[in-house]
Each structure stands twice: as C-alpha cells, then as structure tokens.
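The values are calculated or read from the model by the stated rules, or taken from the named source; none is laboratory data. Everything quoted here is computed from the prediction, not taken from an experiment. Cβ placement follows ideal geometry from the backbone for every residue including glycine, while neighbour counts extend to all protein chains displayed.
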Amino acid sequence: SPLTSKTQSPPTLSIDIDNPASVKRQLAQIFEVSLKATVPDEEDVVPLVDACTAKTGGVKFGDYQCNNAMGIWSKLKGKETGFRGPPSIGQAIINNLPPSEMIDSCSLAGPGFVNVVLSKNWIAQGVQRMLSDGIDTWAPRLPIRRAMVDFSSPNIAKEMHVGHLRSTIIGDTLARMLEFSRVELVTRRNHVGDWGTQESSHFGIGTIGLKVDAFVLQFGMLIEYLFEKFPNQENVSETAIGDLQAFYKASKLRFDDDPEFKLRAQQAVILLQSGNPRYRKAWEQICDISRAEFDKVYQRLGVQLEEMGESFYNPYIPGVIEQLDKLGLVEDSDGARVIYVEGVNIPLIAVKRDGGYNYFSTDLASLWYRLNKEKLEWIVYVTDIGQQQHFDMLFKAFRRAGWLPRNENAYPKCTHIGFGLVLGDDGKRFRSRSSEVVRLVDLLDEAKRRCKTALLERDTTSDWSEEEIEKTSEAIGYGAVKYADLKINRLTNYTFNFDQMLSDKGNTAVYLLYAHARICSIIRKSGKDIEEIKKNGYIVLDHEDERLLGLHLLQFPEVFEEACSNLLPSVLCDYLYTLAEIFTKKFYSNCQVVGSPEESSRLLLCEATAIVMRKCFYLLGIEPVYKL
Ligand code: ARG
C-alpha cells in the first residue's frame, strides 16, 4: 500500500552530467591529479570529494573533504609501499596537489580525511562571474536531447484528486529541472484516462485486473443523466452542468435508485461503443467539461501540458503485442495473454481473457510509441507509489524484449517517480469537511483567499492596487501549496495543512518569498544602481558570514546536479531554505549593507542571493514577489 514512508537511498551522482561550474567537480579534478601522483600504479582511483556539512562534522575544519586515503590504504594492504597508514596517504595527497587558485589551505583530520579550505577570493570571483555572465552559466548539461515527463494525467469524467495535484506539481518541477539542464526538448505529457470508441479501451486506475465494465458503465450513466436533465438540448454548456462532481453524484443516486435508469445506462454504453452519433456527442461534451475543470487547475498552477490520452494508443496495441509475442514474451494464461517479468510473481496482463485491453496494454503501446516514434531518451512517469509495481513490470518487460537497455542508468531510460499520499490533519486520506473528495480548484482558491486576507492586514499594502493584491496573493497562495509538497521527500505521505504551509515562519514558500522581497527592497532602498555596481564593483568576502553566503551561492550548481540526477526537488528546497537562512540570520544580521564601507560588495551579494533564489523559485514553479 502507498501508506508506507520509505527512506530514500543515498543519492548517487550520475557521472555523465557535464557540470563545469560545480565546485565539487572542480576540486575532484585537482584531487585526481594528486591521486595519480600519490598512487601511480593504482588504476581507476575515483576522487571522493564532498562538501563538509554539519552532519559530517566537518564545517569547522574546512569547506570540502577528500576521503580517498582510507580506501586506498585498504587496497594497498600487503603491497610494498612507503605508506604507514591512511594518514600518511592523506598527507601525500596534500603534498601532491597541483597549485590551484581554488585552495587556500589543506589539513589532515581523523583517520586520513583531507580537509580543504577554499580561497575566499576564488569564491568571490565565482559569484561575481555568475553576476556578469548570468546564472544559466551555472546550468549542467545532461547528455540527452529529448525527454518527457508524463504527469498529472487525470481520468476524464472522474474527479481530479489531490494525487493528481501532487503529480502536477512534482511533474512540472521535474520538467523545469530537465529544461535547465539543457535538454533540448522536454515534453510535458498529459496521459489522460480518456476513452476512444474502440471496445478495447480502458481507463487508467493503476490497478491490475480492474473491472473495466463497471467503469465504462459510469459513462452510460452520465450520458443518460445528461439526456434526462437537458432533454431538448443539442449543446449543454459547462455552466449548465456546473460542477461535474455534483453532477456525477446526482447521476449515481439516480443509477442506484432506479433499476429502469440503470438499464438505460447499460444500453447507453452499447450505443456509445457502437458509435451512435448522439451518444458520442454527449460523451464528448462530458469530456470537454471534464477538461475545462482540469484546465482551471492548470491555469492556477501555471502549468502547461500537452494532452495525448490513452485512447491515442489504441491503434498501436495489437501491433506491439504481436511484436512482443514474436519475441516469445507473451504466454497464455487461462485465455488471457500475459508477460512474466523478473522478480515479480504475478504476470503483466497484456490482453484480458475477454480479448479486451487494459491499462497495461495502453502503457505497452505508449512506451513503444515514445521510444520509437518520439525518440525519447528519458521518460519520467510521475504517479503515486501505488503504481510502482505497474511501472516496474512495464520497464522490465521492455528490458526483456531488448527495447530498453539492461543497464537501468543507460539511455534510453525510464524512471518512475512515485509519491506518497496526501493526508488530512486526522492522518487519514485528505478529504474536505463534508468528507467528500476535495475539489482542487476550491483548494487553490482557498489558499489564495487566505493569503489575500493576510496581505490586506499588513500596513505596507495600503497603497497597493487591486491587481497587485490579486497577483501577490496568487503567487504566495499557489506557491505555498506547491512548496509544501515539493519540500518533503516525495515518497513520504504528506499532511495538507493550510496553517502550516501559509505560515511566514519556518520552511515555507511564504517565508522564502518574504525573504526574497526583503532582499529586493534592501537593494531598492540603497538608492544605488545595481547594474552599475555589477559592472564596476567587486565582491570581497572578509567577514565570515559574507564568506559563508558566498560559498553557499557557489554550491548551487552541485546541489542542482544532485536534485536533477536523482529527480528530487526536495534537495533544491533544502538548499533554498538554507540560503534564505544564511542570508537573514547570518549575513544580514551581522553585516551592515546600506551605508557601510563594504556597501557595493554587499549589495552584489544581495543581488546574487536574489538571483539564485529566483532561479530556485522558477525551477519549483513559484512566482517570485518583489515587494511586500
Ligand atoms: N490516469 C492514471 C491515474 O489517474 C495515471 C496515468 C499515468 N501515466 C501512465 N502512462 N500510465 O492514475
């Protein structure tokens, strides 16, 4: 069940990212030279360089650590070398370092850790270069050109629930991260559970062996109810139907209460499937209304998706299954056509016993299409972790067929990004007060409304225009909902709580947006032309908190790389929060900016912080606010 909160395995950096701005990678290059000189006979000694964090207990001794000495010592054991133990290897690593402007000093600690203190001038220059050349020079490069994120993907004529909201928020951020990594084409695909006219269709629920008939029956039910409510109308508008969910509920009542209505609904399915124009038209209207409802959510979130629903792949299903059959993958099981994959004891059902297709059939065909027609190199699927097995089996079947490389990290690759449930305060699945499912549009509007109230209470907003108030409350409200979701490890269930996510203290979008607005106002109030300072001024990091801020800014490229190669937006959120904290609690508390002798250097640090924060906001799909 998706109710478990697993812990993430430690991130592994994918080696094929090109990330020249990464401090860690630059240091690793220097250490590589030293390691070659230190142990010339050892092959493939990969430099192990990491930022010192409070967790590794290192911040006191340095900014980065090289941890190769211990490993080398155990590899050398028994061999005739001059080394007496890891510390002597560590010392040799230090001695063999080529001269570099990056490093201020090195020291040996513990069993052979090499601690590195970076040169503050080098840090300052790095930040300054970003200011003059732009933050896009800090973007890594993924070795692929075409990627797809399959996300949101609600089901037509069904409610779009909080799970779809999570998928929408996470998926859009992942797409932005891939774009920032210079992937030429990133497709945001809405794989909606729609319905073709073929008998073969099915709707995505993610449950294996789902009763399709019961599901299709709902459409008959909706159509009959539509005819009943609007007997003489050709075109029923969205406003006439109003809330599709309420409409759905009312028709369900009708369906359950009246056997005669039920019969008509069943007949409606047959008429619909046989292509009866009147029924088809009604069905299309219901689909349109459904889509309009989804669009309201996308519009609020500022997310653009390209719809290509399940029904699109119907014509491809038979051919793909035939190919798999020819490769010897498809077996008969009680009349159904199934595929067994490694490590899973239940088979993937490609064709049901009645000859019909299902969620799996569609995904077999869509993945085939994506690899062969769309020539995608990385396909990322974002759904709740309840569908993990589905995707695991899908990818394994493709590997068995030789359609995906055996090595899971090689391209073309497929990744399933699962996320936990959204819970209410009661620890149960998130529902609204009336214990029904929550309308997403209402949820987002509520977040905005609460932000507006809080905004109007501030005295600084008295001279704001109506439009400014609206825009700002949208930015904060929607940003808060997104950030609350993105900041937690996505595999964990998360508790939806307005008070928490809209608090201006702690790790929330509100706090971060305020911090950013404050930085902008510091720059504004200085009365100085920041573009002018960028050209002529320079950064000095003499105060320890200036240095701390500068270093953290410079670590953006490597943190982003970690977030991107592991598809973990939470890593980016942690970075952003720490940046705001360092700025506010260290730098701005201890270093006077305006009116100080260091004013221009410090203004540049403010500007650099604002730029990095905005890039993070952008990647997280959050609209920045410039004044508050
Ligand atoms: N419609 C599905 C659901 O609501 C999600 C589809 C995910 N994408 C896919 N290719 N299966 O659960």
Counted residues, region 38-55 - those being of a type outside the set (S, T, N, Q), surrounded by 14 or more Cβ atoms within 10 Å (Cβ to Cβ) and either within 29 Å of the chain's Cα centre (by Cα) or in a helix (DSSP H, G or I) (or both):
5
One residue is enough: does region 50-66 have a residue meeting the conditions in contact (Cβ under 8 Å) with a residue 12 or more places away in the chain and of a type in the set (S, T, N, Q)?
yes
When restricted to Ser153, Ser167, the only residue among the polar types (S, T, N, Q), in contact with a His (Cβ under 9 Å, 6 or more places away or on another chain) and within 16 Å of the ligand (Cβ to nearest atom) is Ser153
For Met70, work out the one condition from (1) touching a residue at least 40 places away in the same chain (Cβ under 8 Å); (2) out of contact with any Pro (no Cβ under 6 Å at 6 or more places or on another chain); (3) surrounded by 16 or more Cβ atoms within 10 Å (Cβ to Cβ) it doesn't fulfil.
(2)
So which helices (runs of 4 or more DSSP H) are wholly in region 461-529 and hold at least 2 residues that are more than 24 Å from the chain's Cα centre (by Cα) and without any contact (Cβ under 8 Å) to a residue 60 or more places away in the chain?
466-486
Can you go through Asp425, Asp392 and tell me which one is exposed (fewer than 13 other Cβ atoms within 10 Å of the Cβ) and in contact (Cβ under 8 Å) with a residue 40 or more places away in the chain?
Asp425
Residue count, region 380-395, condition within 9 Å of the ligand (Cβ to nearest atom) and out of contact with any His (no Cβ under 6 Å at 6 or more places or on another chain), comes to 7
Condition set modelled with pLDDT under 95 and of a type in the set (Lys, Arg), scope region 488-524, selection farthest from Gly386 (Cα to Cα): answer is Lys505
The one condition Tyr357 fails out of (1) within 32 Å of the chain's Cα centre (by Cα); (2) crowded, with 17+ Cβ neighbours inside 10 Å; (3) free of Cβ contacts under 8 Å to residues at least 40 places away in the same chain is (3)
With the structure loaded, tell me whether Ile156 is buried (at least 22 other Cβ atoms within 10 Å of the Cβ), at pLDDT 80 or above, under 19 Å from Gln304 (Cβ atoms) and in contact with a Cys (Cβ under 6 Å, 6 or more places away or on another chain) or whether it fails that test.
yes
Looking at the structure I just gave you, is Tyr369 within 13 Å of the ligand (Cβ to nearest atom), at pLDDT 95 or above and not acidic (Asp, Glu)?
yes
I'd like the residue in region 1-37 that is hydroxyl-bearing (Ser, Thr, Tyr) and assigned to a loop (DSSP other than H, G, I, E, B) and, out of all such residues, is modelled with the lowest pLDDT.
Ser1
Here the residues within region 317-340 that are surrounded by fewer than 20 Cβ atoms within 10 Å (Cβ to Cβ), of a type outside the set (D, E, K, R) and touching a Pro at 6+ places or on another chain (Cβ under 8 Å) are Ser333, Val338, Tyr340
Which condition number does Leu376 fail, the rest of (1) within 15 Å of the ligand (Cβ to nearest atom); (2) at pLDDT below 95 being met?
(2)
Among (1) aromatic (Phe, Trp, Tyr); (2) within 16 Å of the ligand (Cβ to nearest atom); (3) part of a helix (DSSP H, G or I); (4) in contact with a helix residue (DSSP H, G or I) (Cβ under 6 Å, 6 or more places away or on another chain), which single condition is Tyr357 missing?
(3)
State which residue pairs qualify: first residue free of Cβ contacts under 8 Å to residues at least 40 places away in the same chain and inside region 147-176, second residue within 13 Å of the ligand (Cβ to nearest atom) and of a type in the set (Lys, Arg) in any location, beta carbons under 8 Å apart, and separation of 6 or more residues or different chains.
Ala175/Arg188
